[in-house]
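Reviewing the structure listed below.
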Amino acid sequence: MGSTGSDVFTEKGFTNWKKGPQNLRVHEGGVGSLHNKVIQQARDLMAQKQHIETFVSKQTDEARINYRTLLNASLKCTRWLLGQGLPFCGHDESFKSSNRGNYLELMQFLSKHNEQVRKVVFENAPKNLKYTSSDIQKDLVRACAIETIDAITKDMEGAFFSLLVDGSRDSSTKEQMTVVLRYVNKKGEAIEKFLGVQHVTSTTSSSLEEAIERFFATTNLSMSKLRGQGYDGASNMKGELNGLKTKILNKYLQAFYVHCFAHQLQLALVAVAKGIEGVAIFFNNASILVNTIGSSCKRRDAFREKQLEQIKKALDVGDLETGRGLNQESSLMRPCDTHWNSHYGTIVSIIVMFEAVVEMLEWIKDDTNQDNFGEASKLFHDIQTFDFVFHLFLMRLILGITNELSQALQKKDQDIVNAMALVEVCKQRLQSLRDDDFGDLLNDVQKFCEEHDIVVPNMEDLHFVPGKSRRKAPRLTNLHYYRVDLYFQVLDTQLKELNDRFNEVNTELLLCMACLSPVNNFASFDKAKIVRLAQLYPQDFDRMDLINLPIQLDNYIYDMKMHSEFSSLRGIGDLAKELVKTGRCASYMLVYKLLILALVLPVATASVERAFSAMKIVKTPLRFDCCYSFEPYNLLTSPLPQLIPGFATGQRTLARQPLLSG
């Protein structure tokens, strides 16, 4: 041990007992020797007065109360900002700044209106316990995220669930994966909960699978309870050979995959819009029209004035009624290619404000100082044609029907059986349009053209396509062209796309689930198919369950039809809640388990997409460049607002591990 003592007692051992006392004195050394220092440290550790617990408990009651007050105030501000989806840090958080950021400004506001808080924050707080640094703010958010995820997993209590995943690039040009779980709670309600955003290095199916496994490793959830997968139609997600759904299905055979219904509907609409020449030209003109009129503040103001003039004129002649909320100022809705049903709003707004639109284009066309003079002139002539109006009203009919379906599919409590029924209703309505409603459509188009002085062609005259040789053109009447070549072609294409895209409707799994529907007093009930449904889940229904299920189904359907409260239910979601409410979920446990398995299957990935929308609000390019980074940006540290609903115990995490720095 060098100058501090001998190594006799640590390495060599005794060889000469006569020199033992001398070696002991050498090993002990002087007052400041290593031996004496270690002895003193051992005494301090064993002494009760020097114990860390005693040291901490020496704090006065007032100090502990002040700490608790500061902690509660910080958590209140954190929870409020998370609930509102607001960023925390400011660009300049110095004391001289007029806006120090949402967190500090909210803390300042709270201190001004609460005397107890004012005494323990900012300059009145200890220098090492202010709770104001960016690291502390992220720690508070992390605590809220952990407690929220814990609350969600406790609410699930080992329930079956489905996994909804989608990917998107954020403002920091990083690929993010959003995770949402769908499960049925104790009340029989289908719940979708957003758990967080996970950064992924790539969007390959292998990378996504590894990210999902890391996610489940951080929670109390078990993949053995996974009973459904919901993704969009990307090849890395739904690929039959190497997609994410295939990789998960290979490990968990009962994690059935459902292609997002809303995404399938959008693909069907896009196929029609881009696959038929006349429809593609119409949507292109509609998009240019919106951009031309709304391209500048000057044009928007002029459009509002012309719209106001039209409203006043209509009120004078009695075409419009007056009243509260009527005749509000509006503008042309801008279509979005990633949400094709937004085109429905564009079409409706063009129909409602058609006269103002025409006058606006004429104003742009006549003003030589305006930009887009050529586009405005072309649009002015194109939109005042019978062909444009016919497409306008035809696509209003189709998108009006599919818009109802799109809105219904995006409801969080929508169940798979009801979604299938809605798709069938949409197909039937489109089929009825094809069979019976051409005359009504033609009358509406002709009436609109007459009101706006648009030339209506004679339906019995021969139809000639502008720019093509009339001598070689087929001898078709206008009626045949608009009825067969346009009306029938668009509807037939739309119906074909819907049938091809929604191929899940024909699968055995979903057809069996449809037999659980209580609609029309359980008209679709089929015991054989329900038993077959149970056989598709061998891990959840053993041999004894399959023997008892037919007997239980006989008792169940007799009971359901005998009581009036079950006769008017609108879907399996209402049925599950009513079974829980009446306590029959315990009597018919096997049937209720089948209902849960049907309810957890996802319909659409709307919840995932809403999470990305919120992420764009919180993590903007301005905040990313000028403020701090939210790294590590994963499931347990994400400061997104969706992490906070239901959070009530974040204080417990911080109380267990006080934050004493910053």
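Could you name the aspartates and glutamates whose alpha carbon sits less than 17 Å from that of LYS251, not counting residues in the same chain fewer than 8 places away? Reachable aspartates and glutamates: GLU209, GLU210, GLU213, GLU240, ASP540. The GluC sites (Glu not before Pro) of the range 150-224 that DSSP puts in a loop, and whose beta carbon has at most 14 other beta carbons within 10 Å, are GLU157. When you count the other C-beta atoms within 10 angstrom of each residue and take the mean per peptide, 602-611, 394-403 line up highest first as 602-611, 394-403. Taking other C-beta atoms within 10 angstrom as a stand-in for reagent exposure, ARG64, ARG79 fall in the order ARG64, ARG79, fewest first.
The magnitude of the dipole of the range 441-558, with charges of +1 and -1 set on the Cβ of Lys/Arg and Asp/Glu and taken from the Cα centre, is near 640 debye. Note on TYR131, TYR67: ascending count of other Cβ atoms within 10 Å places them as TYR67, TYR131, the fewest first. Across the range 379-516, the mean sequence separation of Cα contacts (distance under 8 Å, 6 or more residues apart), normalised by length, yields a relative contact order of 28 percent. Sorting PHE256, PHE541 by the number of Cβ atoms found within 10 Å of their own Cβ, with the fewest placed first, yields PHE541, PHE256.
Pairs over the 22 Å Cα-Cα cut-off, from the set LYS225/LYS247; LYS187/LYS411; LYS245/LYS593: LYS245/LYS593. Projecting the Cα positions of ASN236, SER168, TYR183 onto the charge dipole of the range 164-264 (unit charges on Cβ atoms of Lys, Arg, Asp and Glu, taken about the Cα centre) puts TYR183 furthest along the positive direction.
Highest mean packing comes first when the peptides 34-42, 577-585, 216-224 are listed by Cβ atoms within 10 Å, giving 577-585, 216-224, 34-42.
In terms of its C-alpha gyration tensor, the range 493-567 comes out oblate, because a/c is 1.5 or above while a/b does not outweigh b/c. Rounded to the nearest Å, what's the spacing between the alpha carbon centres of the range 75-125 and the range 130-197? Just the number, please. So the separation of the two Cα centres works out to 25 Å. Converting phi to 3J(HN,Hα) with the Karplus coefficients 6.51, -1.76 and 1.60 and the offset θ = phi - 60°, the range 418-423 yields 5, 4, 4, 5, 5, 4 Hz in sequence order, with x at every glycine or proline.
Restricting attention to the range 471-542, which trypsin sites (Lys or Arg not before Pro) occupy a DSSP loop and are surrounded by at most 15 other Cβ atoms within 10 Å? Qualifying residues, ordered by number: ARG471, LYS472, ARG475. Remark: the range 61-132 is approximated by an ellipsoid whose semi-axes, taken from the C-alpha gyration tensor as √(5λ), come to 20, 14, 10 Å, largest first.
Only aspartates and glutamates eight or more places from LYS96 in sequence, or on another chain, were considered; those with a Cα closer than 19 Å are GLU105, GLU123.
Taking the range 246-277 and a reference point 7 angstrom along Cα→Cβ of LEU476, the backbone N atoms nearer than 14 Å belong to 276-277.
No lab work stands behind these numbers, since they all come straight from the coordinates. The model shown is predicted, which means the values in this text are computed figures rather than measured ones. Don't worry about glycine lacking a Cβ; one is built from the backbone with ideal geometry, like all the others, and counts go over all protein chains shown.
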